[in-house]
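Before any comments, here is the structure.
The values are calculated or read from the model by the stated rules, or taken from the named source; none is laboratory data. As the structure is a computational prediction, the values presented were derived from the model and not from experiment. Cβ placement follows ideal geometry from the backbone for every residue including glycine, while neighbour counts extend to all protein chains displayed. SASA here: full protein model, heavy atoms, side chains in, ligands and nucleic acids out. Shrake-Rupley method; radii C 1.70, N 1.55, O 1.52, S 1.80 Å.
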Amino acid sequence: MLRILRFALAAAALAPALALAQFYGAERDPMQHFFSPSLGDLQAELADAKRDGKRGAFVMYVRDDCPYCERMKRNILSLTGVQAYYRKHFAVLAVDIKGAVPITDFAGKPTTEKAFAAVQGVKFTPVIVFYGLDGKPLARFDGEIRSVEDFMQLGDFVVSGAYKSMKFADYRQSTSSRRVQ
């Protein structure tokens, strides 16, 4: 009897994850399938995004030792439906806030990942910033997003243009029953 009870509890605990995987797809490595390959030229990334009809750039500020970033990568950014949605609408980039890698910022100025993050006011991770095709910030979310639904709503918040007239918390509340596809 105890064995059956344990099995039932385990199945109940896995049900939400299985339902999400069924809707948002199988898992793939987010470093290869969520984030776009980049040579570090943010200005060129925006030019490509514009040419491809995208809304702008999604930049996730990360650190190698950030457990919240890793959890988001594992639980959200690894899902094929999430990857497809974000890559359809944005140039999807990661910037290491401690990184010494040389990059070119949105204005064409040479800098490093660390210096760029500092100029953007990023002090911890994860931080997500959506930039318009002009390189100006459209929306920002500081901290970990724990649910796929919230992450998808954040993307839709920008894609729909709702960021122009309301805060994400208000948008999330007003659309909580709607699924983004």
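Highlighted here are the helices (runs of 4 or more DSSP H) found entirely within segment 29-121 that include at least 1 residues which are at pLDDT 95 or above: 42-51, 67-72, 80-89, 113-119. The lone criterion from (1) at pLDDT below 95; (2) assigned to a helix (DSSP H, G or I); (3) open to solvent by less than 70 Å² (accessible area, probe 1.4 Å) left unmet by residue 9 is number (3). Number of residues in segment 31-67 that are farther than 21 Å from residue 136 by Cα and out of contact with any Ser or Thr (no Cβ under 7 Å at 6 or more places or on another chain): the value is 8. Looking across segment 27-73, the residues that are of a type in the set (A, V, I, L, M, F, W, C) and either under 20 Å from residue 132 (Cβ atoms) or open to solvent by 70 Å² or more (accessible area, probe 1.4 Å) (or both) come down to 31, 35, 39, 42, 44, 46, 47, 49, 57, 58, 59, 60. With respect to residue 141, determine if the residue is assigned to a helix (DSSP H, G or I), within 23 Å of residue 77 (Cβ to Cβ) and aromatic (Phe, Trp, Tyr). Here the answer is no, as residue 141 does not meet what is asked. For segment 103-141, residues that are among the aromatic types (Phe, Trp, Tyr) and under 22 Å from residue 161 (Cα atoms) total 4. Every test in (1) over 22 Å from residue 35 (Cβ atoms); (2) modelled with pLDDT of 95 or more is passed by residue 178 save one, and that test is (2). Count, please, the residues in segment 127-175 that happen to be within 16 Å of residue 55 (Cβ to Cβ), of a type in the set (Gly, Ala, Ser) and open to solvent by less than 40 Å² (accessible area, probe 1.4 Å). Number satisfying all stated conditions: 6.
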